[in-house]
1. Using 1/(1 + (r/R0)^6) with R0 = 25 angstrom and r between the beta carbons of A:R951 and A:Q751, what's the FRET efficiency to the nearest 0.05?
2. Residue separation times 0.36 nm, minus the C-alpha to C-alpha distance between A:L875 and A:E783: what's the value?
3. Got a sec? What order do A:D543, A:D8 fall in by accessible area at 1.4 Å, biggest, i.e. largest, first?
4. Nearest 0.05, what FRET efficiency do A:S109 and A:E904 give at R0 = 56 Å with Cβ-Cβ as r?
5. Kirkwood Rh, Cα Rg: Rg to Rh for segment A:808-962?
6. So if the hydrodynamic radius of segment A:1-70 is defined as the Kirkwood radius over C-alpha pairs, what does Stokes-Einstein give as its diffusion coefficient at 4 °C and 1.567 mPa s, in µm² per second?
7. Given 20 °C and 1.002 mPa s, how large is the Stokes-Einstein diffusion coefficient of segment A:314-412 in µm²/s, with Rh as the Kirkwood radius over Cα pairs?
8. Taking the Cβ-Cβ separation of A:K393 and A:K175 as r and a Förster radius of 25 Å, what is the calculated FRET efficiency to the nearest 0.05?
Amino acid sequence: MVKFQELDAKWQQAWRDAKLFEAEPDKRPKFYLTVAYPYVSGPMHVGHGRTYTVPDVIARYKRMRGFNVLFPMAYHFTGIPIVGAAKRVARREPGFVRVLIERYGVAESELPKFEDPHHFASHFARKSELSYRKGMEWLGYSIDWCREFTTVDHHYQKFVTWQYHKLYDAGLIVKGKHPVKWCPRCGNPVTDHDLLEGEGVGIVEFTLLKYRADDYVLPAATLRPETVFGVTNLWLNPDVKYVSARVGGERWIVSEQAIEKLREQGYQVGEVGPIQINFSKKVEVPLTHKRVPILPAKFVDPDNATGVVGSVPSHAPYDHVALFELQQRPDALRAYGVNPRDVEGLKPISLIEVEGFGESPAIDVVDRMGIKNQTDPKLEEATAEVYRNEFAKGRMREWVSKYGGMPVSRAKLAVRDDMLAGNEAATIYEFSAKPVVCRCNTPVTVKVVEDQWFLNYADEGWKEKARGCLARMDLVPPETRGQFEHTISWLHEWPCTRNIGMGTPAPWDPKWMIESLSDSTIYMAYYTIAHILKAIDPAKLTDEVFDYVFHGKGDAALISSTTGIPQETLEQMRREFEYWYPLDYRMSANELIPNHLTFHIFHHALLFPDRCPRGIVSFGIAVLEGEKMSSSKGNIIAINEAVRKYGADTVRLYLMSTVEPWQDLDWQTNEVEAMQRNLERFYSLAESTIAPPSAKRPSFAQPERWMLSRLQEHIRVATEALDAFETRKAAQHAFFQLMHDLRWYTKRARQPKARTHMLKRVLEVWLRLLAPFTPHICENLWERMGGSGFISAAPWPKVEEGLVDKGAELIESYLGRVLEDVGKILRVTKVKKPKRVCLYVAQDWKWKAYHIAMKRVGEGKVDLGALLREIGETLGLRLHKSDLSKFLQQTVKELRGMPSEELEILETTEIDELQVLLEAADFIREQLNVKEVRVFKADDAARYDPQDRARLAVPMRPAIFIE
RNA sequence: GCGGGGGUAGCCAAGUCAGGUCAAAGGCGCCAGAUUUAGGGUCUGGUCCCGAAGGGGUUCGCAGGUUCGAAUCCUGUCCCCCGCACCA
């Protein structure tokens, strides 16, 4: 038994020695594809294996099609997670360290080195047995490794610097404020990945309505500023400690907890002091200038926004229930010093009208749900329902001055903006759900970051360019187009700088780093010259150099003299870029469509308007036995483990043949093992095919003609599939279906010499069809077969139209059907060992009638009566009319159900059923394991037919008798 | 909520755009038989239900409709998954 792993090593070395995949510009048409470089925060596992095998298969296929293929690779070091991982090592986080040591083989003594993020990243990029570089080599990828780089290389940083100078000069870098999730202890913005709790929690914007009393401001937080017209009172929680604070030029009253938030969010908070709430007081509502009382309510949460809330009982279930409760309990009111008469008169004010609800939606819903008091948890649900309906379907009532008739969704923004403009409101951000906790176990807050730099994707001119680029691109699968279009429209300012992590300093403000998605938008252009840059001192890489290489601007001789880079080198880089660019296909995960992939379009549209990428292929995700893979938890299958166990080709073919690239893949061990056995079977089949000496080309009979015809079909489908990136479909035909057909052929073939010849001939094509998927095995068999050169460089098989033989295929499917029918009968009758099987083929007149019927069915009009007459006259038959009509009814029904393609073949091909069955009699006998198979014409007077079955014979459906 | 994708036999997954070869490819699993018979490998057959003659019945989330004919087209409905940003 062959060891696949030995073949892997042998051929990987051979490819390296031959420098087979190092790409140089030449006369051939080029094909340039890239796949998102890995973010090296952990080992390469089978999920990545899927992502990177797709482009490799395509690269190998295109090479065989005669393209000069560039398939490069690099590593992404920029960003927080690698820094975070190093920090976890520094803290010796037990779970994390255990995974590193026990699962990923890091020596305990080495741990201090892993506190350095650069070391950490390098380890998983290239050094470790579990690294991406090694994993990709073990899988036999046809990558041009000369162009490898990392995003923290000085050369690359120069490239990013050039890019951001261009963006800055184009006015697309803007400065602004931005709310972020912020960990006060880490002193950093935190991403969802950094959270212990609260993943996916959003940041929502509350409007603070400034209620005034004396010279105090009570900023009531609301998501619904438009309801200010329906305010009946203000709520404060009697159990909460409120403070007064100088905010800007005003004195605000807020909960104690709110002070820190205001500070984080950029408010100038001065002196803070205690304050006693006087519930008898009246306050003035902003905008309407109505005076309303302050009332006590326990549901008011001091942790949410300011702890001050306006009351709109008509449209807020909480407010309605709380007010109702107070009105029932005058004694409680008195305890807070409130005169119950002030409360008695408070009536809900309806200001929004919604179809399907009455005057006050909040009251409707509370009544319907049977909510009795303000601690009822159902209130959340009630609030959501009212809000949702009012927002989606509600309109402001006509009496609401200025906003009357407006949809709520619009009025909300209009009211907010008007109030902000008139200093009657402010803004505060809050989490949509709590708690949100950092991995360092500290509660996360919302911070408004000042001085943040943004890439202005909101710029309409830029958007238009991006749309233009997108319109010319081929998207795989095509359904992703809508997502891209939507993203382009919806994308606005993207914060492109960070204050921590590895990466490139922002050229205009070096205390910031270019954020990791923003430094990876056009690196595909960098690959074209990466190998040449390595020999150049990065200090020499000025903007002029890149301007020349990428835009052809300036004079090479001049730039050479100012930078000291040889003119020839500059010109070579320019040539390489012009040869390879534009990129033909970009491949990445479909979850990156909303950011990375769309950024990539934006930046190309701006910087390389004439060389926009030609296409994008988006991948699905991969899971492990139905579970999400997680490197940091160690529940993955690393590439080296998989390859050691199954061999590279098994892993590759498995990853490519279960689902198409854009579908989600589930790695299932039992299926991988089955794949390994399938490949082993294939290998030994191939070996036994190669072994016997080649025979001279014998004459081909029906089985050979069929086999060759099927082979053409598989070539055709596999080719079309790979052109469309359908690796699964291609693999199905190139491997499984071909295997299937070959099995049938070996059973069918009668002449040993022809079979030997045919198997070799099929194998020669088969190996080439499989080479992109299972290159190691194929190289080895190719060599054993005496193929010339590497199969990786051999030409892709072409369909030989002359070998397509639909008639031969029809005959085989006919035989298949006959076997199936007999088999069915045997099964139903439970006859285990039949002595004899007799087949009776339809007599000539039936065939003639069949042909006439076929013609009429082909024409679409079938009048059974007319057909009956026509046939009777044409054939001059003297038959029982009922026999004929029964036959015709059945025939017409069958013909109608036939696909037009098969009908056509039947019409144009003469099939001599008797001849076909006689020739195949031996085969049928073998297949059915019977002693004797006899074939007769149905009207053969000398036939053996004790039960008079022959009369049931129909063209293409012989009658059967078994005994 | 906004945007995108999807529901096919025990599981995965083709088929849906261009209706008929569809009781529905292929793989996995399972069952049976064969084998120099190791319960492993390989090969062969089977795998919705009924049937002692190639047949019949009921299926492609659910409910209707169009059609000679629907997994495929139309309408309605239920359910599931993904993204929604400072993050790879």
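The values are calculated or read from the model by the stated rules, or taken from the named source; none is laboratory data. Keep in mind the model is a prediction, meaning the values are calculated, not measured. As a convention, Cβ positions derive from the backbone with ideal geometry for all residues, glycine included, and neighbour counts pool all protein chains shown. When the accessible area is computed, the model is the full protein with side chains, heavy atoms only, and any ligands, DNA or RNA have been set aside. Shrake-Rupley method; radii C 1.70, N 1.55, O 1.52, S 1.80 Å.
1. Details: r = 37 Å, r/R0 = 1.46.
It comes to 0.10.
2. Values: separation 92, 0.36 × 92 = 33.12 nm, distance 6.19 nm.
So the extension gain works out to 26.9 nm.
3. Values: A:D543 40, A:D8 10 Å².
Ranked from most to least accessible, the order is A:D543, A:D8.
4. Numbers: r = 75 Å, r/R0 = 1.35.
Taking R0 as 56 Å, the efficiency between A:S109 and A:E904 is 0.15.
5. Details: Rg = 16.1 Å, Rh = 16.5 Å.
Checking Rg against Rh, the ratio lands at 0.98.
6. Values: Rh = 14.3 Å.
Answer from the Stokes-Einstein relation: 91 µm²/s.
7. Working: Rh = 14.5 Å.
Value of D from the Cα-based Kirkwood radius: 148 µm²/s.
8. Calculated value: 0.05.
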